[in-house]
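The structure appears right after this line, and notes come after that.
The values are calculated or read from the model by the stated rules, or taken from the named source; none is laboratory data. Computed from a predicted structure; not experimentally measured. Glycine also receives a Cβ, built like all others from the backbone with ideal geometry; neighbour counts cover every protein chain displayed. Calculation scope for accessible area: heavy atoms of the full protein, side chains included, ligands and nucleic acids excluded. Shrake-Rupley method; radii C 1.70, N 1.55, O 1.52, S 1.80 Å.
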Amino acid sequence: MVISTLLIVVVILAIAFDYINGFHDAANSIATIVSTKVLTPFMAVLWAAIFNFAAYFYFTDHKVANTIAKTVIDEYITLEVIFAGLVAAISWNLFTWYYGIPSSSSHTLIGGFAGSGMAYAWIMGANPITAVNQSAILKTVSFIVLAPILGMLMAIIITLIIMNIAKKSRPAVAEKWFKICQLISSAALSFAHGGNDAQKVMGIIATALIAEQIIPNFEAMPAWVPLSCYAAIAAGTMSGGWKIVKTMGTKITKVTPLEGVAAEAAGAVTLGITEHFGIPASTTHTITGSIIGVGVVKRVSAVRWGVTISLLWAWILTIPVSAVLGGLTLAIIHYIL
């Protein structure tokens, strides 16, 4: 069996993207626990990284990975297409991280992969639209809207339930218990984040191995693929992402320990549901919607809607911008290199 240099490069890039995904999305699970001072920043990222990796032992069905692998139709998948998609995804992720924008790593990966696949189809003289699995793309795009809405509704419900249970408690005692509960809720969110996001890169690596006929199908994915993906995202989380932590933890709305518990629990439940159905939902979108939900319970004006609208634009632009970057990268590889 001969393993090409490009395949090795693609696998390394995929794992690098997973690492970047970790520090880009670290804010999702630690922003509230840092802003409420339940844990120090270092202890928070360590806590999140542990549960990111722990998800490896539970999420074994790999439904989300399978969905990602089917983004582009088989006949339009080559190592060059996968390489171009990864370059696009890494570029947009680093750009949004640099400017502290909590965009979706999931959507930039899907957009980059789809865009490079469409560009390859166009170069081959086919209709670019035929290169992508439209049902998979539609499912992903719909959750740009649905994920934050579900997170917000779940957060509102959980907040109201907690407030009703704790309404007769002494404030000092309640605060103490909320801080303990926030350790559990942030762990649950990190666990769900690892289980959801690590799978996306697993799908890309499996696709590359199938394209090179290293493995016959997705079910034959070797054990090192999920292990390396979970390890990479946990290592990335350990590196933090402090610019995005600031946006998520303080700029959307001020979060108390009670609200931190509700937001994180809502995010974990929502991600658990989407993972069960194999939907590559954005952890970023989900927890942002959850944080908005706990803010709305206080009062609508408690949410800084200007910041929220700016985030919404980043969400809307992520897939098309990544797709364009993926297409341009593929064209450069094909016509210039």
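What to note about this one:
- Tally, over region 201-225, of residues that are over 23 Å from residue 89 (Cα atoms) and among the β-branched types (Val, Ile, Thr): 2
- Applying a threshold of 9 Å to beta carbon distances and a minimum spacing of six or more residues, or different chains, the list of pairs starting in region 100-126 at a residue that is without any contact (Cβ under 8 Å) to a residue 12 or more places away in the chain and under 10 Å from residue 81 (Cβ atoms) and ending at one that is open to solvent by 10 Å² or more (accessible area, probe 1.4 Å) and not in a helix (DSSP H, G or I) is empty.
- Residue match in region 38-46 (condition: crowded, with 18+ Cβ neighbours inside 10 Å, touching a Leu at 6+ places or on another chain (Cβ under 9 Å), at pLDDT below 80 and farther than 26 Å from residue 138 by Cα): yes
- Any hit, region 154-168, residues being farther than 30 Å from residue 77 by Cα, modelled with pLDDT under 90 and of a type in the set (Lys, Arg): yes
- Annotation: residue 66 fulfils all but one of (1) modelled with pLDDT under 90; (2) surrounded by 23 or more Cβ atoms within 10 Å (Cβ to Cβ); (3) closer than 23 Å to residue 226 by Cα; the unmet one is (2).
- Residue in region 47-63 that is open to solvent by less than 30 Å² (accessible area, probe 1.4 Å), part of a helix (DSSP H, G or I) and within 25 Å of residue 211 (Cα to Cα) present: no
- Residues within region 238-278 that are open to solvent by less than 20 Å² (accessible area, probe 1.4 Å), more than 13 Å from residue 291 (Cα to Cα), at pLDDT below 80 and among the hydrophobic types (A, V, I, L, M, F, W, C), tallied: 1
- Only listed residue being under 30 Å from residue 8 (Cα atoms), modelled with pLDDT under 85 and open to solvent by 10 Å² or more (accessible area, probe 1.4 Å), chosen from 220, 211, 174: 220
- Screening region 69-105 for residues that are of a type in the set (A, V, I, L, M) and either open to solvent by 30 Å² or more (accessible area, probe 1.4 Å) or closer than 20 Å to residue 25 by Cα (or both) and picking the one that is modelled with the lowest pLDDT gives 101.
- Residue count for region 123-143 under the criterion of being farther than 23 Å from residue 105 by Cα and out of contact with any helix residue (DSSP H, G or I) (no Cβ under 9 Å at 6 or more places or on another chain): the result is 1.
- The C-beta contact set for region 160-177 (first residue farther than 22 Å from residue 33 by Cβ, second residue open to solvent by 90 Å² or more (accessible area, probe 1.4 Å), distance under 6 angstrom, 6+ apart or interchain) is empty.
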